[in-house]
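Let me begin by presenting the structure, written as structure tokens, before commenting on it.
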Amino acid sequence: MAQHQITYREAIAEAIKEEMARDDRVFLMGEDLGRFGGTFGTTRGLLREFGEERVRDTPISETALIGFGLGAALIGMRPIVEIMRIDWMAICMDEIANHVAKMRYLSAGRPEVAMVIKTNAEGGLGLGAQHSQSFEAWLVHVPGLKVVMPSNPYDGKGLLKAAIRDPNPVIFIEPVTLLSISGAVPTKDYVVPLGKADIKREGTDATIVAWGTLLPKALNAAQTLADEGIEVEVVDPRSLWPLDIETIITSVKKTGRLVVAHQAMKRCGVGAEIVALVQEQAFDHLDAPIQRVATPDVIIPVNRNLERTVLPQEEQIVAAVKSIS
Amino acid sequence: MQLTKEALLGMYRRMVRIRLFEVSLPHYFEEGYIAGTGHVSMGEEAVAVGACSALDENDYIMSTHRAHGHVLARGASMPVILAEVFGKATGCTGGKGGSMHVSDFDRNFLGTSAIVGGGITIAGGIGLAIKMKKTNQVCLDFFGDGASTRGTFHEGLNLAALWKVPTVFLCINNQYAMTLPLGKGCANIDISARAVAYDMPGQRVDGTDVIAVYEAVKSAVERARKGEGPSLIECVTYRLSPEHSLRVGTVAGTEYRPEGEVEEWWEKHDPIKIFKQNLKELGYLADELADKIEAEAKKELDEAVDFALKSPEPGPESAFEGIYAQEGGR
């Protein structure tokens, strides 16, 4: 299959461009995404390609953005709404949790709310307390939503295309530190199905489940551990809901050991859900207590050293695997 | 814009139907047929009927937690709406939404938000989609005076006006946000005046006058259909029901209103009484016809009650249905 090397941010723009060309119901709206091309550059070139009617720069009105997207979806459009940072989903969480997620259920299943809410999450860029968080667990907690958080250009493009085609509201979360990484992406149309995990590295001694910024860190950790004779399997769930727990369970049954790593807060993070599911479904296959590597009970500071101190790093993943090996 | 005798009598008939429906509910609530809560709209019938009469069949409506009157004014089946209020399988959402989530998708009544102010931005988005699809429809959005203090009001009206979407924002000012009087919640009690801030027309009308409501909405709808953008209409009326909602375990909590206020509004400003008198003066409504209209509405309500009571409870499996749509979009 023909491929090209592009960055994650280019992969996002490419996915939107292809889907807008494919389906005239798809349109894009958000803050600074047209003329400016997006604060993180994921919508560059789309205004020129499709014009102001379908690539809508909006005022700073997160509440109205989600409400307008929902209204448009209710009568058959397929909006992609960007919330510039996941931190600001707090502003429009009423629209997302009480309206977008529930409108179909409260309408006897009549409307399709085919809507994508695209955002980015995680810290590591020194952006501080209100621009560095990872709220994916908030969203996974709401029935009616699907939540994906892909960690490379191939998965990003394929999952965004699947999200746009899905008849349900999908929250698409870009890990902000990974937007500049490059990877091979097919030039032909493809999708990555929602709800399918991917084994990024095979191994037999322990399983690491990681996503977002922690996924490349987990792969580096796996290499370090391999040099010391510990063969780790790395599973990227890609979709956090629906969650492909089967792939995780299959891996744990093979390795008997599990570490879950994410940058979101440890307390009530999605990792806690994965730990609970694994002990419910594969308790007898575990040879050691499950470990979590995540951000401790803290607010994210700007100072580089402080930020690095609070956010989970590769060496903590290595240590977690060793502690149960 | 002159309404025919037939049209006026039709509007009166719909107001009477809504009134009978609403006044019957506290009894069924107390008897345990209605779970949780419900919101009745006595005093707001002229707004519901006047506004809905100004729409075309394929226009859209978005509404609030207090929407029985709106959906009935749109022509929804009374038995189906009552069955929903009773939580039955035959209701418009199969008993899952209840009183606060009535809808009629066959009549483009796209439902409600039971979060005060939650529907305003959704109605703006419906307007946006109409504009993008170039279908020449209009969206009417009902919300209350309480919603006018939400941020959604500001964000929604600003964006709707900026993009000139065909949405008519209709504020039912019933003078109380739950128990808070208008003047204790709004620095400026003239809600329609805020339209200036969004560069859209704002109009304050007597919400007990069905013709005034009809005419205001009609001209806002025509403007929207011509592509000239949204309008804000404030219909001033009064919540005649003793309490803001049907509630369990509270004594009639009406102390928040000045003594005699409710009685005075019933006496002097009951929209149905006013319209009845007007129709009589026009020579359109003899006592005999008025009695007949009431008897017919009563009969329709009795049949709706019978239908709702006899309807089955939803099966337990239905609680898990309708959350996600199946795959297979274009």
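Looking at the range B:220-228, is at least one residue buried (at least 22 other Cβ atoms within 10 Å of the Cβ) and under 27 Å from B:Val262 (Cα atoms)? No, every residue in the range B:220-228 fails to be buried (at least 22 other Cβ atoms within 10 Å of the Cβ) and under 27 Å from B:Val262 (Cα atoms). Considering the conditions (1) at the interface with chain B (Cβ under 10 Å from one of its Cβ atoms); (2) surrounded by fewer than 24 Cβ atoms within 10 Å (Cβ to Cβ), A:Leu106 is excluded by exactly one of them, (2).
Looking only at residues of the range B:279-330 that are hydroxyl-bearing (Ser, Thr, Tyr) and out of contact with any Ser or Thr (no Cβ under 6 Å at 6 or more places or on another chain), we find that the one that is nearest to A:Pro143 (Cα to Cα) is B:Tyr324.
The residues in the range A:264-316 that are closer than 30 Å to A:Thr204 by Cβ and in a loop (DSSP other than H, G, I, E, B) can be counted, and the count is 10.
The conditions of being crowded, with 20+ Cβ neighbours inside 10 Å, among the basic types (Lys, Arg) and not assigned by TED's automatic domain parsing to the domain that holds A:Gly269 are not met by A:Arg238.
For the range B:185-202, how many residues are under 15 Å from B:Gly144 (Cα atoms) and not hydroxyl-bearing (Ser, Thr, Tyr)? Adding up the residues that qualify gives 6. Taken together, the residues in the range A:52-61 that are of a type in the set (Asp, Glu) and facing chain B (nearest Cβ under 8 Å) amount to 1.
Scanning the range B:156-189 for residues that are within 14 Å of another protein chain (Cβ to nearest Cβ), in contact (Cβ under 8 Å) with a residue 60 or more places away in the chain, surrounded by fewer than 24 Cβ atoms within 10 Å (Cβ to Cβ) and not in a loop (DSSP other than H, G, I, E, B) yields a total of 1.
Suppose we filter the range A:274-316 for residues that are under 20 Å from the mean Cα position of the chain (by Cα) and of a type in the set (Gly, Ala, Ser); how many remain? Here the count works out to 1. I want to confirm something. Restricting to the range A:231-263 and keeping residues that are among the polar types (S, T, N, Q) and in a helix (DSSP H, G or I), which single residue is nearest to A:Ile324 (Cα to Cα)? Looking at the filtered set, the residue picked out is A:Thr255. Counting only residues that are over 25 Å from B:Glu57 (Cα atoms) and more than 12 Å from chain A (Cβ to nearest Cβ), how many does the range B:79-106 have? Going through the range B:79-106 one residue at a time, the tally reaches 3. A count restricted to the range B:47-66 and to residues that are away from chain A (no Cβ under 12 Å) and not polar (S, T, N, Q) stands at 11. Examine the range B:111-119 for a residue that is more than 12 Å from chain A (Cβ to nearest Cβ), of a type outside the set (D, E, K, R) and touching a helix residue (DSSP H, G or I) at 6+ places or on another chain (Cβ under 7 Å), and state whether such a residue exists. No, the range B:111-119 has no match at all.
Selection over the range B:22-70 of residues that are assigned to a helix (DSSP H, G or I), surrounded by 21 or more Cβ atoms within 10 Å (Cβ to Cβ) and out of contact with any Gly (no Cβ under 9 Å at 6 or more places or on another chain) gives a count of 3. Of all residues in the range B:80-96, at least one satisfies being among the hydroxyl-bearing types (Ser, Thr, Tyr) and under 26 Å from A:Asp94 (Cα atoms). No other residue among A:Ile75, A:Ile91, A:Ile96 is within 13 Å of chain B (Cβ to nearest Cβ), more than 18 Å from the chain's Cα centre (by Cα) and either buried (at least 19 other Cβ atoms within 10 Å of the Cβ) or charged (D, E, K, R) (or both) apart from A:Ile75.
The values are calculated or read from the model by the stated rules, or taken from the named source; none is laboratory data. Quick caveat: nothing in here was measured; it's all calculated off a predicted structure. As a convention, Cβ positions derive from the backbone with ideal geometry for all residues, glycine included, and neighbour counts pool all protein chains shown.
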